[in-house]
1. When you look at residue 134, is it open to solvent by less than 80 Å² (accessible area, probe 1.4 Å), among the β-branched types (Val, Ile, Thr) and either in contact with a Pro (Cβ under 8 Å, 6 or more places away or on another chain) or modelled with pLDDT under 65 (or both), yes or no?
2. Do we have any residue at all in the stretch 157-171 that's of a type in the set (Asp, Glu), open to solvent by 70 Å² or more (accessible area, probe 1.4 Å), in contact with a helix residue (DSSP H, G or I) (Cβ under 9 Å, 6 or more places away or on another chain) and at pLDDT 85 or above?
3. Could you grab the pairs with beta carbons closer than 7 Å, sequence gap of 6+ or different chains, first residue in the stretch 212-229 and open to solvent by 40 Å² or more (accessible area, probe 1.4 Å), second one at pLDDT below 85 and among the charged types (D, E, K, R)?
4. Anything in the stretch 183-196 that is part of a helix (DSSP H, G or I) and free of Cβ contacts under 8 Å to residues at least 24 places away in the same chain? List them, or say none.
5. Would you mind listing the helices (runs of 4 or more DSSP H) fully within the stretch 28-123 where at least 1 residues are touching a Gly at 6+ places or on another chain (Cβ under 9 Å)?
6. Give me a count of the residues in the stretch 182-201 that are surrounded by 16 or more Cβ atoms within 10 Å (Cβ to Cβ) and farther than 15 Å from residue 224 by Cα.
Amino acid sequence: MDVTNKKYTFHLEAFNGPLELLMHLIEKNKIDIYDIPIAELTRQYLDYLEAMREMDMEVTSSFLVMAATLLQIKSRMMLPKKKAEASEEEEDPRQELVERLLEYRRFKKVSEVLGSMADLQEHFVGRAPLDLPVHHLPPASLDLSLLVTAFREVMSIKEEAEIPDAIVRPEPYHIEDKMEEIKAALEAHGGRMRFEDAFERGTRGELVVTFLALLELIKQQSVSVEQAHLFGTITIAWRREKNDERE
């Protein structure tokens, strides 16, 4: 067989499977996939297999199985029908092949979309994940999680006063008042004091409000919480900008 006269032989290397070859033949000949001329499609398919052999290309078993399937469908469609069978609605022998081709076409479209997305993604470079913003700004030189850990340690050594037998209404504490107390304590310590000095006295509930007040002062950028080195003493101090304003 002279394969040089065939217009489609240069497409052979692109076919990775029998369904891909069939879809090429259907699209090339503009065949209605729901009404496949099985005899013509089978002839062209077998011509391709013969061309592959003559070009010393490997014909895998999947191509041969599809060839046998096409021949079987062709033979079933060529068999004469009896009158009784003709009157009854018989399943089209091509139906299973059509369903496989439609499914293959759907997967091919999806793979093309994913491939284009992958090509587009190659033009971008990822970056390391960033920390999510928090309502309370973390200290400039101290991670907020370390500040919370320090507060827990302060709380762990504070003993809760025993509740008396008489029912006593709890005293309310306000963040604004505790903010003023922290500012006053800073003034008394010369503008810098240890973290523990802000929690010298008070019930556990009062200490929680004091800690929230400290976070609010940090958020307002009135004070800063610093740690000179790892495991070093944590200190609270006026921010430099605020200290300059006070002078």
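The values are calculated or read from the model by the stated rules, or taken from the named source; none is laboratory data. Just so we're clear, the structure is a prediction, and the values are computed from it rather than from any experiment. Here the Cβ positions follow ideal geometry from the backbone for every residue, glycine too, while neighbour counts run over all protein chains shown. Accessible surface areas use protein heavy atoms only, side chains included; no ligands, DNA or RNA. Shrake-Rupley method; radii C 1.70, N 1.55, O 1.52, S 1.80 Å.
1. Criteria met by residue 134.
2. Looking for residues that are of a type in the set (Asp, Glu), open to solvent by 70 Å² or more (accessible area, probe 1.4 Å), in contact with a helix residue (DSSP H, G or I) (Cβ under 9 Å, 6 or more places away or on another chain) and at pLDDT 85 or above, one finds none in the stretch 157-171, hence no.
3. As it stands, the answer is 221/239, since those pairs meet every condition given.
4. 184, 185, 187, 188
5. In the stretch 28-123, the matching helices (runs of 4 or more DSSP H) lie at 61-78, 95-121.
6. Count: 1.
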